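Reviewing the structure listed below.
Read-outs: derived from the displayed coordinates by stated rules, not from any lab. Not measured: the values here are computed from a predicted model. Cβ: placed from backbone, ideal geometry, glycine included. Neighbour counts: every protein chain shown.
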Amino acid sequence: MNAIFLRVALDTPLDTFFDYRWVSATEEANASNQPSIGQLVLVPFGRQEITGLIVDIVETTTVPVDKLRDVIAVRHVLPALNAEWLALIKFAADYYQRPLGEVALPALPKNLKVAKTVSLDRALKKLGRLSFPHDAAPQDEPALNAEQQAAVNAITHTREFSPYLLFGVTGSGKTEVYLQSAARILAESASGQILILVPEINLTPQFEARIRDRFPGLHLSTLHSGMAEGERLLHWLAAHQGQARIVLGTRLAMLASMPDLRLIIVDEEHDPSYKQQEGLRYSARDLAIWRAHQLRIPVVLGSATPSLESWHGAQSGRYRLLELHERAVKDAVLPVVKIINLEREKPSEGLTPRLIAAIRQRLEKGEQSLLFLNRRGYAPVLACDACGWISNCTRCTANLVLHKGDHRLRCHHCGLEQRIPRSCPTCGNIDLQPLGRGTQRLEETLASIFPEARVFRIDADSTRLKGSAAAAFERVHDGEVDILIGTQMVAKGHDFKRLTLVAALNPDAALFSQDYRASERLFAQLMQVSGRAGRTAQKEGGSISEVLVQTRYPDHPLYHALMAHNYQSFATDLLQERQQAQLPPFMYQALLRAEARELATAIEFLQQAASCTQHTGITINDPIPMTMTRVANVDRAQLLVESVSRPALQAFVKEWIVTLRAMKSRVKWLVEIDPVDI
Ligand code: ADP
Ligand code: ZN
Ligand code: ZN
């Protein structure tokens, strides 16, 4: 008998590998059924059978013979994940301080990890039957302008690691640069692959269509979390087997297996959705840079409003800056941004007379208006004037939001729902008032001011059903909507042809947020939502595209930069502030978060965690409750650890985690590297 041991990574919080015995099924061990590193295996674990990943094959093991168990099956039909992929996973696990198995296995489609291989076999058979055309010839490429051409030349000129920041306003032709760079690289080999990341794939069917039109002879895989499992497996396999030459996906696609990856593109690189907020809290953008470095290929970060990290990277020469100064379509101009001072022009129901007049003008010309209000629901809170009662969530440090249509008060954090009370729960007053306004209330107001207009709302509530978001956007594109009301959902990646007015109703809150990134985000959002207007050339007699911002702080530098379409000056100021305040990107951070029934317990744990360690070059701050302390009856606190040196912080956290584990506290905790929400 011929026994070897397979060292296997499993999806468990235990930071260790597991050894299993593998006995060759036949006497003459045949080379084709020998297991290899990077293959999946089915193994017994406790009373379950689970799927693991072979990370090593060894001849001896320290596991005692009576504890040692046999591998149930090796997935020979699936080509092994290659060494580069394993290295990527290992890097992510190390960097974000998680066990390798907790990174590797969740990165794979669910249907690969089930005991029965029916769906895998079926998918492989299906892909085997398809003939994959590898005709990389692009269709109908427009001639590039000089700046676009320079960008494409730069991106495609070497076969080395080269990170680029492609900076250009919405409509400046960044996508065209991606596509033509891809075309060149695809033409160079019969197997090269391109990975294109977008923040939210459900919102970008136009992007997908554009890629398909451009490369009708190539197979495109899409990867995002909204896909059915069967579908996801097919697309993942096509990428893994090299059949898909282009992969378009959300952040999770960054962990896809692509054997001959030659170019990575991260569109809207500043978007916070590139950061995963649960499980492995990775930044797909940062991993893209690492992966490109590993494979020695170009990577392009594209944005109209780059993240300060990337902007700083370009300023300091780590990334090469490629700029597109103008809109690509001839005569398409940038919208005029105007500020409406709310101190002077009093709004009624949130709308100033000037804004109402601007909407009316669009209606008369058959054009579209977009009103941006980043708050869903009818009103953020219901209140009693008589006694001061307000609708608090009993389980969170938050208000219950009024949803008038379905007669509910709803917590947007824990999901708690109540009927709207008929009278004040404390004093009995029946005259309860909704305070403030959300998208539903705005919809109601607009419908009453403009009864003849087709008013339409797009937010998380109106698009809850699967596929309904796509249908909603379809309506807008088809011109069946006159006034569109939306949250940040409408800001991303859409090309509304007849849109000539964009208004931000009340963006001020973000100016004074505790989160130091809030103004960076607000600027990006407003720039992006402004970019929806005036994308196509002004038609004869059409209105000038306008962006109206209602604010109480008309002199705020952020709004001035917005009026001047001047991201650079905004970013320069903000970077200076960050440097003075010693914040990222001039500082590296990690957060220890703790959750407990009682805030005191969480804080106490963090205090212990802070005192059990010391390190030169590392600043350990005081534990503090999170801004929203309580969510779903759990109190949350955090401890910020900082260093100007990324390697020093890494080394510190690695040791620290070992100590924290040894504390065996009952408090639930986790460490987050490069946190974005502090
Ligand atoms: P971005 O990605 O920066 O928003 P796009 O690449 O989508 O910009 O370009 C905006 C519009 O301009 C699209 O309709 C696109 O087809 C068009 N366009 C881009 N580059 C060119 C070009 N060189 N010639 C003609 N039209 C172009
Ligand atoms: Zn709640
Ligand atoms: Zn009351």
Fully extended, how many nm does the chain gain between Met563 and His134 (0.36 nm per residue separation, minus their Cα-Cα distance)? 149.8 nm
Rough spin-label spacing in nm, given labels placed 7 Å along Cα→Cβ, for Ile37 and Lys466: 3.9 nm
Just tell me which lysines come within less than 18 Å, Cα to Cα, of Lys664; anything on the same chain fewer than 8 places away is out. Lys654
P(r) of the chain in 20 Å steps, Cα pairs, percent per bin? 16, 46, 33, 5, 0
Name the residues of region 260-300 whose amide N is less than 17 Å from a point 7 angstrom out from the Cα of Lys110 along the C-beta direction? 279
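If Lys and Arg each add +1 and Asp and Glu each add -1, what is the summed charge of the other residues whose beta carbon sits under 14 Å from the beta carbon of Arg517?
Numbers: positive: Lys275, Arg521, Arg578; negative: Asp271, Glu309, Asp515, Glu520, Glu577, Asp674, Asp677.
Taking every Cβ under 14 Å from that of Arg517, the sum is -4.
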Positive end of the dipole of region 211-298, charges at C-beta (+1 Lys, Arg; -1 Asp, Glu), about the Cα centre: which of Gly230, Ile265, Leu252 has its Cα farthest in that direction? Ile265
Local net charge near His293, Cβ-Cβ under 12 Å (Lys/Arg +1, Asp/Glu -1): 0
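Any chance you could run the full-extension gain for Lys668 through Arg597? It's 0.36 nm times the residue separation minus the Cα-Cα distance, nm to one decimal. Provide the component values of the computation, followed by the final result.
Working: separation 71, 0.36 × 71 = 25.56 nm, distance 1.01 nm.
Full extension of this stretch gives 24.6 nm more.
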Quick one: if you stick a label point 7 Å off each Cα along the C-beta vector at Thr60 and Leu321, how many nm between them? 5.9 nm
Which residue, chosen from Pro335, Ile289, Leu591, occupies the Cα position most advanced towards the positive end of the dipole of the chain, where the dipole is computed from +1 (Lys, Arg) and -1 (Asp, Glu) charges on Cβ about the Cα centre? Leu591
Using alpha carbons only, what's the Rg to Rh ratio of region 390-467 with Rh from Kirkwood? 1.02
Using unit Cβ charges (K, R positive; D, E negative) and no other charged atoms, how large, in debye to the nearest 20, is the dipole of the chain about its Cα centre? 960 debye
Farthest toward the dipole's positive end in region 555-654, which of Thr572, Ala561, Phe605, given Cβ charges of +1 (Lys, Arg) and -1 (Asp, Glu) about the Cα centre? Phe605
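Above 18 angstrom, tally the Cα pairs of region 596-648 and express them as a % of all pairs, no decimals.
Working: 524 of 1378 pairs.
The proportion of pairs with Cα distances above 18 Å equals 38 percent.
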What stretch of the chain, leaving out the sites themselves, is the longest with no GluC sites (Glu not before Pro) in a DSSP loop having at most 13 other Cβ atoms within 10 Å? 350-451
Given 0.36 nm per residue, what is the gain on full extension from Thr572 to Arg354 after removing their alpha carbon distance, in nm? 75.2 nm
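In percent, how large is the relative contact order of region 131-231, given Cα pairs closer than 8 Å and 6 or more residues apart? Walk me through the numbers before you get to the answer.
Working: 62 pairs, mean separation 47.1, N = 101.
Relative contact order of region 131-231: 47 percent.
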Relative contact order (percent, whole number), region 198-276, Cα cutoff 8 Å, 6+ residue spacing: 37 percent
May I ask you to list the aspartates and glutamates whose Cα is less than 19 Å away from that of Lys126, ignoring any residue fewer than eight positions away on the same chain? Glu229, Glu231
Label points 7 Å out from Cα along the Cβ direction at Lys67 and Glu474: separation in nm? 5.8 nm
Of the DSSP beta bridges with both residues in the chain, give the percent that are antiparallel, rounding to the nearest 5. 50 percent
The chain, helix-only ellipticity at 222 nm - DSSP H runs n ≥ 4, -39,500 (n - 2.57), divided by all residues, nearest 500: -9000 deg cm²/dmol
What percent do you get for the relative contact order of the chain when only Cα pairs under 8 Å and 6+ apart count? 11 percent
Cross-link reach from Lys492 to lysines, straight Cα distance under 28 Å and at least 8 residues apart if same chain, gives Lys174, Lys275, Lys330, Lys338, Lys365, Lys404, Lys466, Lys539
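Once you list every other residue whose beta carbon is under 13 Å from the beta carbon of Pro585, what net charge do they have if Lys and Arg are +1 and Asp and Glu are -1? Kindly include the intermediate steps, with their values, before the conclusion.
Working: positive: Arg285, Arg318, Arg517, Arg578, Arg646; negative: Asp286, Glu309, Glu520, Glu577, Glu642, Asp674.
After counting each charged neighbour, the total is -1.
Fewest Cβ neighbours within 10 Å first, please rank Arg122, Arg251, Arg410 accordingly.
Working: Arg122 14, Arg251 25, Arg410 20.
Ranking Arg122, Arg251, Arg410 by Cβ neighbours within 10 Å, fewest first, gives Arg122, Arg410, Arg251.
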Just to be sure I follow: if Rg is taken over the C-alpha atoms of region 16-117 and Rh is the Kirkwood radius over the same atoms, what is Rg/Rh? 0.95
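To the nearest 0.05, what FRET efficiency results for Arg646 and Leu435 with a Förster distance of 51 Å applied to their C-beta separation?
Values: r = 45 Å, r/R0 = 0.88.
In this case the efficiency is close to 0.70.
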